[in-house]
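Participant: Okay, handing you the structure first.
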Amino acid sequence: MAVSDPTAGTAGTHGPVAAPDTVKILVAGGFGVGKTTLVGSVSEIAPLRTEEPLTVAGLDVDDLKGIEEKRTTTVALDFGRITIGGDLVLYLFGTPGQQRFWFMWNDLAVGALGAVVLIDVRRPEAGFSAIDFFERRGIPFVVGVNGFHGLHPYPAQEIRESLALPADVPVLLCDARERDSCRDVLIALIDRVIASVTPRPGPVD
Ligand SMILES: Nc1nc2c(ncn2[C@@H]2O[C@H](COP(=O)(O)OP(=O)(O)O)[C@@H](O)[C@H]2O)c(=O)[nH]1
Ligand SMILES: [Mg+2]
């Protein structure tokens, strides 16, 4: 399932040590839903950020409705890393959210085994395009519902219905600012990725 680095994992006199499995994961979603925040919360390395201040020039182009407090924006990508269970290393690539940067998504998706579609609980409809993107490409994904200000007014089931998500797509309420909360979303995604590559038992004779 995972891509391993064959050059990694040799340790002195103790002989070879199993190389960690590395997996590329995308963190996608609309503009201002908390993608950069999520990658920063969970990353063990100082996350690479390509944030720039929002400018007056972008006012007519980028839709800030509902996120008036947003001051910066990701112009290329976010990058972070998290180790799960000791030997599974996830490389997280946060996509730029504005529609004018969506041409980059196809390139970012190359080699990705799964994705988190992050939505802002106040504007769930901003997640439709990302959901559609991964559904079309058959890339397994989970939906993380970022409850801004820690509020979760709607149960996961209600959000699933409003986004017309199939029953097998996990929907997780989360807080993009909380490491453990974001980690739980990533663990659910790994389970989903594993389920998607595990053949289902055939019919019994
Ligand atoms: N109160 C609150 N603010 C958040 C949360 N997640 C993100 N933000 C803020 O909302 C703005 C947009 O978040 P950002 O991570 O840049 O969104 P992105 O465009 O999806 O990368 C920033 O000012 C964040 O500090 C959250 O869960 N609660
Ligand atoms: Mg961002």
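The values are calculated or read from the model by the stated rules, or taken from the named source; none is laboratory data. Just so we're clear, the structure is a prediction, and the values are computed from it rather than from any experiment. As a convention, Cβ positions derive from the backbone with ideal geometry for all residues, glycine included, and neighbour counts pool all protein chains shown.
Participant: Any residue that is surrounded by fewer than 15 Cβ atoms within 10 Å (Cβ to Cβ) and aliphatic (A, V, I, L, M) - is there at least one of those in the range 107-125?
Facilitator: Filtering the range 107-125 down to residues surrounded by fewer than 15 Cβ atoms within 10 Å (Cβ to Cβ) leaves 107, 110-111, 125.
Subsequent filtering for residues that are aliphatic (A, V, I, L, M) retains 110.
Yes; the residues of the range 107-125 include at least one that is surrounded by fewer than 15 Cβ atoms within 10 Å (Cβ to Cβ) and aliphatic (A, V, I, L, M).
Participant: Further question on the same structure: When both residues are 6+ apart or on different chains and their Cβ atoms are under 7 Å apart, which pairs have a first residue that lies in the range 93-111 and is at pLDDT 85 or above, and a second that is assigned to a helix (DSSP H, G or I) and of a type in the set (Val, Ile, Thr)?
Facilitator: Listed by first residue and then by second, the contacts come to Gly94/Thr36; Gly94/Val39.
Participant: List the number of the failed condition for Arg177; all other conditions in (1) under 13 Å from the mean Cα position of the chain (by Cα); (2) in contact (Cβ under 8 Å) with a residue 60 or more places away in the chain; (3) within 16 Å of ligand 2 (Cβ to nearest atom) hold.
Facilitator: Of (1) under 13 Å from the mean Cα position of the chain (by Cα); (2) in contact (Cβ under 8 Å) with a residue 60 or more places away in the chain; (3) within 16 Å of ligand 2 (Cβ to nearest atom), only one is false for Arg177: (1).
Participant: Does the range 186-199 contain any residue that is touching a helix residue (DSSP H, G or I) at 6+ places or on another chain (Cβ under 8 Å) and not aliphatic (A, V, I, L, M)?
Facilitator: Looking for residues that are touching a helix residue (DSSP H, G or I) at 6+ places or on another chain (Cβ under 8 Å) and not aliphatic (A, V, I, L, M), one finds none in the range 186-199, hence no.
Participant: When the range 156-204 is examined, which residues are found to be polar (S, T, N, Q) and modelled with pLDDT of 95 or more?
Facilitator: Applying the first criterion (polar (S, T, N, Q)) to the range 156-204 yields 157, 162, 181, 196, 198.
The one that is polar (S, T, N, Q) and modelled with pLDDT of 95 or more: Ser181.
Quick grid of which residues meet (1) in contact with a helix residue (DSSP H, G or I) (Cβ under 9 Å, 6 or more places away or on another chain); (2) modelled with pLDDT of 65 or more; (3) among the charged types (D, E, K, R); (4) farther than 16 Å from Val33 by Cα:
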| position | (1), (2), (3), (4) |
| --- | --- |
| Lys70 | no, no, yes, no |
| Thr73 | yes, no, no, no |
| Thr83 | no, yes, no, yes |
| Leu88 | yes, yes, no, yes |
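Participant: Looking at the range 134-174, which of the residues that are basic (Lys, Arg) and surrounded by 12 or more Cβ atoms within 10 Å (Cβ to Cβ) is nearest to the chain's Cα centre (by Cα)? Give the derivation first.
Facilitator: Keep residues of the range 134-174 that are basic (Lys, Arg), which gives 136-137, 160.
Subset that is surrounded by 12 or more Cβ atoms within 10 Å (Cβ to Cβ): 137, 160.
On the way: Arg137: 16, Arg160: 17 Å.
Once the filter is applied, the top-ranked residue is Arg137.
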